[in-house]
Amino acid sequence: MNLRDFYLLAALIACLRLDSAIAQELIYTIREELPENVPIGNIPKDLNISHINAATGTSASLVYRLVSKAGDAPLVKVSSNTGEIFTTSNRIDREKLCAGASYAEENECFFELEVVILPNDFFRLIKIKIIVKDTNDNAPMFPSPVINISIPENTLINSRFPIPSATDPDTGFNGVQHYELLNGQSVFGLDIVETPEGEKWPQLIVQQNLDREQKDTYVMKIKVEDGGTPQKSSTAILQVTVSDVNDNRPVFKESQVEVHIPENAPVGTSVIQLHATDADIGSNAEIRYIFGAQVAPATKRFFALNNTTGLITVQRSLDREETAIHKVTVLASDGSSTPARATVTINVTDVNDNPPNIDLRYIISPINGTVYLSEKDPINTKIALITVSDKDTDVNGKVICFIEREVPFHLKAVYDNQYLLETSSLLDYEGTKEFSFKIVASDSGKPSLNQTALVRVKLEDENDNPPIFSQPVIELSVSENNRRGLYLTTISATDEDSGKNADIVYQLGPNASFFDLDRKTGVLTASRVFDREEQERFIFTVTARDNGTPPLQSQAAVIVTVLDENDNSPKFTHNHFQFFVSENLPKYSTVGVITVTDADAGENKAVTLSILNDNENFVLDPYSGVIKSNVSFDREQQSSYTFDVKAVDGGQPPRSSTAKVTINVMDVNDNSPVVIYPPSNTSFKLVPLSAIPGSVVAEVFAVDIDTGMNAELKYTIVSGNNKGLFRIDPVTGNITLEEKPTPNDVGLHRLVVNISDLGYPKSLHTLVLVFLYVNDTAGNASYIYDLIRRTMETPLDRNIGDSSQPYQNEDYLTIMIAIVAGAMVVIVVIFVTVLVRCRHASRFKAAQRSKQGAEWMSPNQENKQNKKKKRKKRKSPKSSLLNFVTIEESKPDDAVHEPINGTISLPAELEEQSIGRFDWGTAPPSTFKPNSPDLAKHYKSASPQSAFHLKPDTPVSVKKHHVIQELPLDNTFVGGCDTLSKRSSTSSDHFSASECSSQGGFKTKGPLHTRQDYMYLLKY
């Protein structure tokens, strides 16, 4: 065995292997002549094909495609979506489809087709065999419309004469079933003889004796019918001629003969010599050979019959592949009515005279004979279904198929004579653009015959390569203030594809409004003037897109850095900086920060600050912008400072700008209220008994050289108004009558008025005494001033008297005591001895007189005891101190009589002196009198500052408080707690920062006066 034989054998074995997974068969049976769109079958249902991908578990959409040859009129169609098979408008005619078939094959008329299932993951090749069943669509027909039969006149009754059989292209029950003789005239009858082959031969039966001399011709009709539904029939004229007698018919030696002849037998080759004999002699013995009426016309074309000799010869080239068996009926007639019949079966034997046939049916439709594939098509992409066949038989018909050379394609056997041409590897247009190869089919005959089919495959370029930039990141730099249209760079990209897939256009991405890009050349230019201060860096993308379908693209990042130029002057955040600092701020304290910016970069934005016109009151850090004070602030001396600041950058040439700075000195509550009116603490106002309620009887007016809330003042009566006869306006300081005075109200009234500011966080205040003398007249002013001097011995938190004329009663009591004391002295001098003896009795009488006088002079015993203490005080020297003051309150629930516990500095003796002067040079402008009192000089004495201790809203229990009080030499009084305003019948000072304590005297949170304060001298 040579190498070629071995190769052919291997290819044959490969062709015999079937892939059962993708090759299956279906057989359907239909009737001929069906109308269009009649369903024949359902491929997925009949083959139980699943639409689920076993690998992925997902549902797939299958495509069913009928494999057909170009130019063929398909008899059926296949739904690409459902796989259902339907008839088409092309008529399925069994007689036409199986024309020339032998009678043995008439029940097996069929045609075959192939259907492929796509995509590749579900690929199958379905071979479908459709058997076409006969339909009664043809009527039986006689060979001729007129049938002539000659019957000898001596024919015996019941003699039979054959009538040419009718033929029907239909088969089975639709074929010829019944003959009927019409108008037989009772002379003739009809009989049907069925042959072993199933043929029905009509025979004419002579039912009466014939006499040619009486009647030589009979004309009748013969009718033939098939067995179909509906039944079809036809008629022919049967003409019987009565002839002279010939009573012996020819006889063949063999009525059934079978012969074999090769298909390549030349024309004229003898097939068989038939021979028949006749016992008659003469003309009745002359035999003539003819083909029977049942011989097919095609058979008569291939073979010739000598009418005289009975020799059958080949008159046309035979082709076994066209007709392998020919059946020939030969009649031998001597002119009698009954010819002899012989059947000759001619078997045409095969010769290897046919090369293999390659039926190339494309699954992918070619264009001008060329299949176009995409380079992205996957492996095992189906291109064509190749069916190889050989009309020869046996070894001569065994065909192998292969591809002539090495290409990325292969043949995959699906049936014993069918192959799929599919790709065997991935295709690459950039590697090979076109393939041309031959498919070879070779049979196994001797010698072997071959057939080739040329396949041309061209690859279509797919857009599978995106454009590639030479640089993924493109960095550029350009100076600001450029000209429009300035060339920056050329951006380029390459594409490995070809044609339009390699045509690249460039496009700017977002954030690139400052740039223009030529879509074809990639030239990048500046479309606007850059300002680094607005945007220092531009980052955008450039897209390179090809013209493929779908287009592919890639991007490159473009970074454009704008270089700085010194085109911006330093810019202050404010054209006018205003800073607010508290007075008394220490020297070298930070008072503010100047903020300046420069939109440039680098040295162009390095800013240096300097002060232009400040007289060295402030120091400015040239880099941080911090302003520090070079002076101490006193708002009362200077409330603001203004100067200019200059900023210079480090550019070339340098740029500069200026701004104004104002330092505002904010007020601190460091000044107590200063009383302007009343002008003296010893003055008084006359309140006539005729005064009506609401009338102004006195006024208190004070000023505070602070500003804002620190200068807002509030007036309250904290003591001396236990009867609620008077009311002070908390804003104006006007003292008005609450009730009309009565005779019980006649006398001197001392009101302690607290004047407090609303400063925060600490409120400062001052106390002032207002004396009101209730009477119709004030004729004896000296007497009133004397009363005022005496009230100074009464603590401020106590009233100077409870009766309408307290101090008149007290003076009367004093005189009486003096008279009694004088009398007692005289009696003591005169009656010393008597007094010694009666010492005890004298003391008892003196005590009784004193007690009676005190009860008549004062309203209660407590006042009497206080008067005794005061008398003891008068006996002390001028510099003596009031050691204890007992304060007792009997009405804790009354807001007016709320207990006040305090330590108050009071003089031990009173003397008149002039009022000090107010310092108008440091006070804000006002309409106050320039001779207002100035108590600063008196405050410089060594006496301690008085303090009040109050706790707001704290109930005070009724108990005695012993307060040690040191009296200064000068009559100076300084108030320290505005919470005494709770003694007022109108309002209370809720802005006070003082506290009240029920355990001890009055005090404040801090010193009452932080500067040299102005106090009022209580002059009396």
(message) Would you confirm whether or not segment 132-141 contains a residue that is open to solvent by 30 Å² or more (accessible area, probe 1.4 Å), under 30 Å from Asn417 (Cα atoms) and either at pLDDT 90 or above or not in a helix (DSSP H, G or I) (or both)?
(response) yes
(request) Identify all residues within segment 369-385 that are at pLDDT below 90 and open to solvent by 60 Å² or more (accessible area, probe 1.4 Å); write none if there are none. (result) Lys376
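Looking only at segment 36-77, filter to residues that are outside any strand (DSSP E or B) and touching a Ser or Thr at 6+ places or on another chain (Cβ under 7 Å); which one of those is nearest to Thr387 (Cα to Cα)? Let's see the steps before the verdict.
Of all residues in segment 36-77, those outside any strand (DSSP E or B) come to 36-38, 43-51, 53-58, 60-62, 68-75.
Now restrict to residues that are touching a Ser or Thr at 6+ places or on another chain (Cβ under 7 Å): 36-38, 51, 74-75.
On the way: Glu36: 28, Asn37: 28, Val38: 28, His51: 28, Pro74: 18, Leu75: 19 Å.
Checking each candidate, the answer is Pro74.
Name the strands (runs of 3 or more DSSP E) wholly inside segment 707-754 in which the number of residues that are open to solvent by 10 Å² or more (accessible area, probe 1.4 Å) and either among the hydrophobic types (A, V, I, L, M, F, W, C) or out of contact with any Cys (no Cβ under 9 Å at 6 or more places or on another chain) (or both) is 2 or more. Even if it seems obvious, please write down each step before you answer.
Details: elements: 713-719, 726-728, 734-737.
The qualifying strands (runs of 3 or more DSSP E) are 713-719, 734-737.
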(request) Sort through Arg320, Arg316 and tell me the only one that's touching a helix residue (DSSP H, G or I) at 6+ places or on another chain (Cβ under 7 Å), farther than 30 Å from Pro152 by Cβ and either open to solvent by 60 Å² or more (accessible area, probe 1.4 Å) or in a loop (DSSP other than H, G, I, E, B) (or both). (result) Arg316
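Any idea which of Tyr773, Tyr760 is in contact with a Lys or Arg (Cβ under 8 Å, 6 or more places away or on another chain), surrounded by fewer than 22 Cβ atoms within 10 Å (Cβ to Cβ) and either in contact (Cβ under 8 Å) with a residue 40 or more places away in the chain or not in a strand (DSSP E or B) (or both)? Show your work before the answer.
Values: Tyr760 fails: in contact with a Lys or Arg (Cβ under 8 Å, 6 or more places away or on another chain).
The match here is Tyr773.
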(request) Please determine, by comparing only the residues of segment 614-650 that are at pLDDT below 90 and of a type in the set (D, E, K, R), which one is nearest to Asn584 (Cα to Cα). (result) Asp634
(request) Being under 24 Å from Lys96 (Cα atoms), surrounded by fewer than 16 Cβ atoms within 10 Å (Cβ to Cβ) and modelled with pLDDT of 85 or more narrows it down to one of Ser186, Ser165, Ser144, so name that one. (result) Ser144
(message) Take residues that are modelled with pLDDT of 90 or more and under 30 Å from Leu427 (Cα atoms) and tell me which of the strands (runs of 3 or more DSSP E) falling wholly in segment 460-540 contain 3 or more.
(response) 504-508
(message) For segment 559-584: of the residues being more than 30 Å from Ala526 (Cβ to Cβ) and part of a loop (DSSP other than H, G, I, E, B), which is most open to solvent (accessible area, probe 1.4 Å)?
(response) Asn575
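Output the strands (runs of 3 or more DSSP E) that fall wholly within segment 386-451 and possess 1 or more residues being of a type in the set (Asp, Glu) and either in contact with a Gly (Cβ under 9 Å, 6 or more places away or on another chain) or crowded, with 22+ Cβ neighbours inside 10 Å (or both), or say none.
Working: elements: 399-403, 409-415, 418-423, 434-443.
In segment 386-451, 434-443 are the strands (runs of 3 or more DSSP E) which contain 1 or more residues that are of a type in the set (Asp, Glu) and either in contact with a Gly (Cβ under 9 Å, 6 or more places away or on another chain) or crowded, with 22+ Cβ neighbours inside 10 Å (or both).
Out of Thr658, Thr642, I need the residue that is surrounded by fewer than 18 Cβ atoms within 10 Å (Cβ to Cβ), part of a strand (DSSP E or B), within 51 Å of the chain's Cα centre (by Cα) and not charged (D, E, K, R). Which one?
Thr658 is the lone residue from the list that is surrounded by fewer than 18 Cβ atoms within 10 Å (Cβ to Cβ), part of a strand (DSSP E or B), within 51 Å of the chain's Cα centre (by Cα) and not charged (D, E, K, R).
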(message) Tally up the residues in segment 353-380 that are part of a loop (DSSP other than H, G, I, E, B), hydrophobic (A, V, I, L, M, F, W, C) and closer than 21 Å to Val115 by Cβ, please.
(response) 2
(message) Val523 - would you say it is out of contact with any helix residue (DSSP H, G or I) (no Cβ under 7 Å at 6 or more places or on another chain), open to solvent by less than 70 Å² (accessible area, probe 1.4 Å), without any contact (Cβ under 8 Å) to a residue 60 or more places away in the chain and over 20 Å from Thr561 (Cα atoms)?
(response) no
(message) Please go through segment 323-337 and give me each residue that is surrounded by fewer than 18 Cβ atoms within 10 Å (Cβ to Cβ) and of a type in the set (Ser, Thr, Tyr), ordered by number.
(response) Thr329
(request) Just need a number here: residues in segment 78-113 that are assigned to a strand (DSSP E or B), at pLDDT below 90 and of a type outside the set (A, V, I, L, M). (result) 3
(request) Output the strands (runs of 3 or more DSSP E) that fall wholly within segment 198-280 and possess 2 or more residues being among the small types (Gly, Ala, Ser), in contact with a His (Cβ under 7 Å, 6 or more places away or on another chain) and buried (at least 19 other Cβ atoms within 10 Å of the Cβ), or say none. (result) none
(message) Looking at the structure I just gave you, is Arg456 in a loop (DSSP other than H, G, I, E, B), surrounded by fewer than 20 Cβ atoms within 10 Å (Cβ to Cβ) and modelled with pLDDT of 90 or more?
(response) no
(request) Report, by residue number, each residue of segment 667-690 that is in contact with an Asp or Glu (Cβ under 8 Å, 6 or more places away or on another chain), hydrophobic (A, V, I, L, M, F, W, C) and not in a loop (DSSP other than H, G, I, E, B). (result) Val674
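The values are calculated or read from the model by the stated rules, or taken from the named source; none is laboratory data. Predicted model only: the values in this text are computed from it and were never measured. When we count neighbours, we look across all protein chains shown, and the Cβ atoms used for this are built from the backbone with ideal geometry, even at glycine. Surface areas here come from the heavy atoms of the whole protein model, side chains and all, with no ligands, DNA or RNA. Shrake-Rupley method; radii C 1.70, N 1.55, O 1.52, S 1.80 Å.
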